[in-house]
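Student: The following block contains the structure, expressed as structure tokens.
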Amino acid sequence: MTADSPTPTGAPDGTDSVSFDFAALGPRERYKLLIGAVVPRPIALVTSIDTEGRVNAAPFSFFNCLSADPAILALGVEFRADGRHKDTGFNVRATQAFTVNIVSDAIVEAMNVCAVPFDPGVDELREAGLTAMPGTKVPCPWIAQSPAAFECRHHVTLSIGRSREIILGEVVWAHFRADVVDPGNLHVDPAALDAVGRMGGQGYAGTRDYFDLPTMSVARWRELGRAGSVRESVRLTPGLRKR
Ligand SMILES: Cc1cc2nc3c(=O)[nH]c(=O)nc-3n(C[C@H](O)[C@H](O)[C@H](O)COP(=O)(O)O)c2cc1C
């Protein structure tokens, strides 16, 4: 099955659907379906250094937090068309460390500068006008303008194919802008964080359209049913949602 000849299927409620056999799709077709539908993806602006201490920064949206104990962040890093490692993959291999900087709306254009395929050794942070702060537990810098940054030691790299690898890092230190986290109860304020996610194509989405939907216990579900599962729109104003 190719993208040109998807299988039409019908759901019991009459909704038309289209199915794809992933084994029959090419890499580009799989990529388009995945990045278009698995959205929004958080963006890691990853800072690393090479063996000469030169700073590198690049965004990755094949990124997520996979575990809190141990605290593991994952990056899906493609190889270049000629099979060489991207600078980030090369640096993590060489130095066993990287730092994930969360991308807020305020730094999304600077993040995009860091995606330019500069030659190795070019300091993308300088090109983007971002400020490198010295790392605490790892030699890589963190970005002063990022609302939250996680210093990671390389945990393991999964070789999953010829075109990319998955790098897992264990978080050993975190920096938060002071207005983003309440040090008393560790509540992270989503309005102050103002994170941006990646959609398909060249698309991005903000996080200001926010609502609460509490998870129910079985007893609560039996008591309230679907009517009890109502979303509560929340107007996000930095600093007003400490709990
Ligand atoms: C928002 C965004 C997300 C990206 N996500 C990824 C990704 O998940 N994996 C990847 O290999 N490249 C991704 N890229 C492309 C890299 O950022 C780009 O190839 C960069 O030049 C790599 O830099 P480096 O060689 O300094 O590591 C992304 C680019 C943008 C703008």
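The values are calculated or read from the model by the stated rules, or taken from the named source; none is laboratory data. None of these values were measured; they are calculated from a predicted model. Here the Cβ is made from the backbone with ideal geometry for all residues, glycine too, and neighbour counts use every protein chain on show.
Student: Suppose the filter is in a strand (DSSP E or B) and within 22 Å of the chain's Cα centre (by Cα); does THR157 pass it?
Tutor: Yes, satisfied.
Student: Those residues that are over 14 Å from LEU168 (Cβ atoms), crowded, with 23+ Cβ neighbours inside 10 Å and within 12 Å of the ligand (Cβ to nearest atom), I need them from the stretch 88-106; list them, please.
Tutor: Of everything in the stretch 88-106, those that are over 14 Å from LEU168 (Cβ atoms), crowded, with 23+ Cβ neighbours inside 10 Å and within 12 Å of the ligand (Cβ to nearest atom) turn out to be ASN91, VAL103.
Student: Take the stretch 107-129 and flag every residue that is assigned to a loop (DSSP other than H, G, I, E, B) and either at negative phi or within 11 Å of the ligand (Cβ to nearest atom) (or both).
Tutor: Passing the criteria: ALA115, VAL116, PRO117, PHE118, ASP119, PRO120, GLY121, VAL122, ASP123.
Student: Quick one: count up the residues across the stretch 139-182 that are among the hydroxyl-bearing types (Ser, Thr, Tyr) and crowded, with 16+ Cβ neighbours inside 10 Å.
Tutor: Number of matching residues: 2.
Student: Is it the case that the stretch 205-212 has a residue that's among the basic types (Lys, Arg) and in contact (Cβ under 8 Å) with a residue 12 or more places away in the chain?
Tutor: So far as the stretch 205-212 goes, yes, one or more of its residues are among the basic types (Lys, Arg) and in contact (Cβ under 8 Å) with a residue 12 or more places away in the chain.
Student: Filter the stretch 191-212 for residues that are charged (D, E, K, R) and either surrounded by fewer than 16 Cβ atoms within 10 Å (Cβ to Cβ) or over 14 Å from the mean Cα position of the chain (by Cα) (or both); which is farthest from PHE62 (Cα to Cα)? Spell out how you get there, then give the answer.
Tutor: Taking the stretch 191-212 first, the residues charged (D, E, K, R) are 194, 198, 208-209, 212.
Filter once more, so that each one left must be either surrounded by fewer than 16 Cβ atoms within 10 Å (Cβ to Cβ) or over 14 Å from the mean Cα position of the chain (by Cα) (or both): 208-209, 212.
Details: ARG208: 22, ASP209: 23, ASP212: 26 Å.
Ranking the candidates gives ASP212 first.
Student: Also: Of everything in the stretch 72-82 that's without any contact (Cβ under 8 Å) to a residue 12 or more places away in the chain and more than 8 Å from the ligand (Cβ to nearest atom), which residue is farthest from THR207 (Cα to Cα)?
Tutor: Checking each candidate, the answer is ASP82.
Student: Here's a follow-up. What residue, of ASN56, ASN64, is under 17 Å from ILE102 (Cα atoms), surrounded by fewer than 15 Cβ atoms within 10 Å (Cβ to Cβ), modelled with pLDDT of 90 or more and within 14 Å of the ligand (Cβ to nearest atom)?
Tutor: The conditions single out ASN64.
Student: Which residue pairs have Cβ atoms under 7 Å apart, sit 6 or more places apart or on different chains, and have a first residue in the stretch 125-149 that is within 20 Å of GLY89 (Cα to Cα) and at pLDDT 95 or above and a second that is buried (at least 23 other Cβ atoms within 10 Å of the Cβ) and among the aromatic types (Phe, Trp, Tyr)?
Tutor: GLY135/TRP142; CYS140/PHE98; ALA149/TRP142
Student: I'm told ARG93 meets every condition in (1) within 23 Å of VAL181 (Cβ to Cβ); (2) in contact with a His (Cβ under 8 Å, 6 or more places away or on another chain); (3) assigned to a helix (DSSP H, G or I) except one. Can you identify the failing condition by its number?
Tutor: Evaluating ARG93 over (1) within 23 Å of VAL181 (Cβ to Cβ); (2) in contact with a His (Cβ under 8 Å, 6 or more places away or on another chain); (3) assigned to a helix (DSSP H, G or I) leaves (1) as the failure.
Student: Going by the structure shown, is SER48 within 9 Å of the ligand (Cβ to nearest atom), polar (S, T, N, Q), over 14 Å from ASP119 (Cα atoms) and in contact with a Lys or Arg (Cβ under 7 Å, 6 or more places away or on another chain)?
Tutor: It is false that SER48 is within 9 Å of the ligand (Cβ to nearest atom), polar (S, T, N, Q), over 14 Å from ASP119 (Cα atoms) and in contact with a Lys or Arg (Cβ under 7 Å, 6 or more places away or on another chain).
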